[in-house]
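The structure appears right after this line, and notes come after that.
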Amino acid sequence: MARPAERPSDGARAEAQADRARRFMKSALAILGETGRTDFTVLEVVERSKTSLRSFYQHFSTKDELLLALIDKIMAESTQRWRADTDGLAGPEALRLLIERITTPASSSTQDSINRGLTFYNDHLAESLPREYARVLTPLHELIQDILRRGMDTGSFGSDVDVESTAALIMQSVLGAMRLRSLGVELNGSPIDGKHIYEFCARGLLTPQSST
C-alpha cells in the first residue's frame with residue numbers, strides 16, 4: 001500500500017512563499033536596472049519571474065505593494081550599514097557622513113537606473129500608501145534622531161531642537177534633493193551634492209561655537 005505524500009511543514013510553506021516574493025522583487029529590480037522606469041506592468045514581472053498572476057496576487061495586491069516591499073528591503077539594509085558607519089561619531093560628523101552616504105552617486109549605470117526609478121516613485125507611494133511608506137522610512141528617521149540627540153548631548157546642536165520634526169525635515173531634504181543633482185547644473189551651473197545638503201541642514205542645528 002502506497003504511503004500518503006507528506007505535507008510540507010508550516011516552516012517549509014513559509015519559506016516557499018518568501019522565496020516567491022523574493023523572485024518577484026528580483027524581477028522588478030532587474031526591470032528597473034534595465035530601464036530606469038517604474039511604468040512596467042505586473043504581467044512583465046510575472047513573465048520575468050516565470051511564475052503566474054495568481055501567485056503574484058497571493059503576495060501583493062498591486063504593483064505599488066511590490067515596489068514598496070522592494071524599497072523597504074533596500075532601505076532597511078542601507079540604514080543598517082549607515083548606522084554602522086556613523087556609530088561612535090560626534091553628531092555633526094555623523095550627520096555629514098550619513099548625508100554623504102545617501103547622496104553618493106551610483107557606481108554603475110544599472111544602479112543609477114534603479115536609484116532614479118525608485119527616487120521618482122517615492123512621491124507616488126507617499127500618496128498611494130502613506131502609512132506603509134512612512135513605516136518604510138522609519139529606520140532612517142530613527143537614525144537621524146539618534147544623531148541629532150548625540151549632537152545635542154555634546155552641545156554641538158542647539159538644545160531646543162525638535163528632534164522628531166527636525167529629523168523628518170532633514171530626511172525629506174536629503175531624499176528630495178537627490179533629484180536636484182542634474183537639475184542643479186541647469187539652475188546654477190553645478191550639481192547639488194552631499195556637501196551642499198549638509199551645510200543647508202547644519203545651519204539650523206549648529207550652535208555658535210560649532211562649525212560646519
Exercise for the section: Scan region 33-87 residue by residue and report those that are farther than 19 Å from I99 by Cα, basic (K, R) and either in contact (Cβ under 8 Å) with a residue 60 or more places away in the chain or in contact with a Pro (Cβ under 6 Å, 6 or more places away or on another chain) (or both). Expected result: R37
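Each row is one residue, and each column tells you yes or no for (1) modelled with pLDDT of 95 or more; (2) among the charged types (D, E, K, R); (3) within 17 Å of the chain's Cα centre (by Cα); (4) over 30 Å from I31 (Cα atoms).
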{"site": "E127", "(1), (2), (3), (4)": "no, yes, yes, no"}
{"site": "E142", "(1), (2), (3), (4)": "yes, yes, yes, yes"}
{"site": "D146", "(1), (2), (3), (4)": "yes, yes, no, yes"}
{"site": "F157", "(1), (2), (3), (4)": "yes, no, no, yes"}
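Would you confirm whether or not region 172-182 contains a residue that is loosely packed, with under 13 Cβ neighbours inside 10 Å, without any contact (Cβ under 8 Å) to a residue 60 or more places away in the chain and either of a type in the set (A, V, I, L, M, F, W, C) or closer than 30 Å to E34 by Cβ (or both)?
Initial filter on region 172-182 (loosely packed, with under 13 Cβ neighbours inside 10 Å): 182.
Remaining after also requiring without any contact (Cβ under 8 Å) to a residue 60 or more places away in the chain: 182.
Then drop every residue that is not either of a type in the set (A, V, I, L, M, F, W, C) or closer than 30 Å to E34 by Cβ (or both), which leaves 182.
Within region 172-182 (the criterion being loosely packed, with under 13 Cβ neighbours inside 10 Å, without any contact (Cβ under 8 Å) to a residue 60 or more places away in the chain and either of a type in the set (A, V, I, L, M, F, W, C) or closer than 30 Å to E34 by Cβ (or both)), the answer is yes, since at least one residue qualifies.
Being more than 30 Å from S156 (Cα to Cα) and surrounded by 15 or more Cβ atoms within 10 Å (Cβ to Cβ) narrows it down to one residue among L97, L68; which is it?
Sole residue among the options that is more than 30 Å from S156 (Cα to Cα) and surrounded by 15 or more Cβ atoms within 10 Å (Cβ to Cβ): L68.
Return the total of residues in region 151-167 being more than 15 Å from I99 (Cβ to Cβ) and part of a helix (DSSP H, G or I).
Going through region 151-167 one residue at a time, the tally reaches 5.
The values are calculated or read from the model by the stated rules, or taken from the named source; none is laboratory data. As the structure is a prediction and not an experimental result, all values here were calculated from the model. Counting neighbours? That spans all protein chains shown, and the Cβs are built from the backbone with ideal geometry, glycine included.
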